[in-house]
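Please read through the structure below; I'll follow up with questions.
The values are calculated or read from the model by the stated rules, or taken from the named source; none is laboratory data. Please read these numbers as outputs of a predicted model, since none were measured by experiment. Note that we place each Cβ from the backbone using ideal geometry, even for glycine, and neighbour counts take in every protein chain shown. Keep in mind that these areas ignore ligands, DNA and RNA; they rest on the heavy atoms of the full protein, side chains included. Shrake-Rupley method; radii C 1.70, N 1.55, O 1.52, S 1.80 Å.
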Amino acid sequence: MLVNLKANVVLVDYRGYGKSEGEPSEDGLYLDAEATLDYVMTRPDLDKTKVVLFGRSLGGAVAVRLASVNPHRVAAIIVENTFLSIPHMASTLFSFLPMRLLPLWCYRNQFLSYRQVALCRMPSLFVSGLSDQLIPPVMMKQLYELSPARTKRLAIFPEGTHNDTWQCQGYFRCSGAVHKRPDEEPRPRGERSALS
């Protein structure tokens with residue numbers, strides 16, 4: 001992204017991931033994300049009106065939550081191959097069990113993106129790799145549909161898998177246009193977009 005979008009990039013290893021210490025938890029990941037945004041806001045060399053959050057998979061759930069509670073500090077959001085919630089994923093992965101009947105309090109971590117995305121009115125890009133074998137692509141479509149953003153886009157990449165959608169042709173062109181109106185950015189060849 002640094003090279004392709006010509007943007008400053010802050011990468012975060014959440015607690016318990018990469019080289020970060022600690023135990024991962026939903027609340028802990030939210031705190032890590034909030035601390036990162038706080039840090040970005042202290043940098044005098046950055047334009048605070050152009051902060052764009054990006055998250056893939058679990059990171060998308062964290063980005064949605066961070067944007068939902070910081071609408072005044074986030075200019076746009078990009079989520080890629082992200083799920084509706086942990087309970088939705090449990091129902092998908094364990095469809096042979098009556099997971100849908102479990103109450104929310106049974107889940108230690110919930111990541112209720114389907115609720116939090118409803119609070120994200122900033123320009124939003126939802127990137128979906130249709131060949132994702134881990135998270136059902138329909139969940140990205142549902143997040144897109146739940147978004148109240150006036151400027152939003154669903155970028156669909158038929159060959160994109162869970163971790164390599166970024167390698168698909170047109171990916172960086174659509175990612176760089178998240179803050180533009182749909183009529184300002186031509187659609188990449190081979191990409192299907194739904195605009196509103």
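Quick check on this structure: which one of Arg65, Arg43 is touching a residue at least 40 places away in the same chain (Cβ under 8 Å) and either surrounded by 11 or more Cβ atoms within 10 Å (Cβ to Cβ) or in contact with a strand residue (DSSP E or B) (Cβ under 8 Å, 6 or more places away or on another chain) (or both)? Working first, answer last.
Values: Arg43 fails: touching a residue at least 40 places away in the same chain (Cβ under 8 Å).
That would be Arg65, the only listed residue that is touching a residue at least 40 places away in the same chain (Cβ under 8 Å) and either surrounded by 11 or more Cβ atoms within 10 Å (Cβ to Cβ) or in contact with a strand residue (DSSP E or B) (Cβ under 8 Å, 6 or more places away or on another chain) (or both).
Based on what the data block shows, is Val79 closer than 22 Å to Thr165 by Cα and touching a Leu at 6+ places or on another chain (Cβ under 8 Å)?
Values: closer than 22 Å to Thr165 by Cα: yes; touching a Leu at 6+ places or on another chain (Cβ under 8 Å): yes.
Here the answer is yes, as Val79 does meet what is asked.
Let me ask something additional. Just give me the residues in the range 103-134 being open to solvent by less than 80 Å² (accessible area, probe 1.4 Å) and modelled with pLDDT under 90, in sequence order. Outline the logic, then answer.
Initially, the range 103-134 is screened for residues open to solvent by less than 80 Å² (accessible area, probe 1.4 Å), giving 103-104, 106-107, 109-114, 116-118, 120, 122-132.
Correct list: Pro103, Leu104, Cys106, Tyr107, Asn109, Gln110, Phe111.
Right, next: For Thr165, are the conditions met, namely being of a type in the set (Val, Ile, Thr), under 28 Å from Ser25 (Cβ atoms), buried (at least 22 other Cβ atoms within 10 Å of the Cβ) and modelled with pLDDT under 95?
Numbers: of a type in the set (Val, Ile, Thr): yes; under 28 Å from Ser25 (Cβ atoms): yes; buried (at least 22 other Cβ atoms within 10 Å of the Cβ): yes; modelled with pLDDT under 95: yes.
The answer is yes for Thr165.
Here's a follow-up. Would you mind stating whether Glu34 is modelled with pLDDT of 95 or more and over 13 Å from the mean Cα position of the chain (by Cα)? Before the answer, list the steps.
Numbers: modelled with pLDDT of 95 or more: yes; over 13 Å from the mean Cα position of the chain (by Cα): yes.
Yes, satisfied.
Which residue pairs have Cβ atoms under 6 Å apart, sit 6 or more places apart or on different chains, and have a first residue in the range 81-100 that is open to solvent by 60 Å² or more (accessible area, probe 1.4 Å) and a second that is part of a helix (DSSP H, G or I) and at pLDDT below 85?
Arg100/Ser91
Within the range 133-147, which residues are assigned to a loop (DSSP other than H, G, I, E, B) and within 15 Å of the chain's Cα centre (by Cα)?
Residues satisfying the conditions are Ile135, Pro136, Ser147.
Residues are listed down the side, and each one gets a yes or a no for (1) at pLDDT below 90; (2) open to solvent by less than 90 Å² (accessible area, probe 1.4 Å); (3) touching a Lys or Arg at 6+ places or on another chain (Cβ under 6 Å):
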| residue | (1), (2), (3) |
| --- | --- |
| Val3 | yes, no, no |
| Leu11 | yes, no, no |
| Gly22 | yes, yes, yes |
| Tyr39 | no, no, no |
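Right, next: Just a yes or no: is a residue in the range 51-60 at negative phi, more than 20 Å from the chain's Cα centre (by Cα) and open to solvent by 30 Å² or more (accessible area, probe 1.4 Å)?
No.
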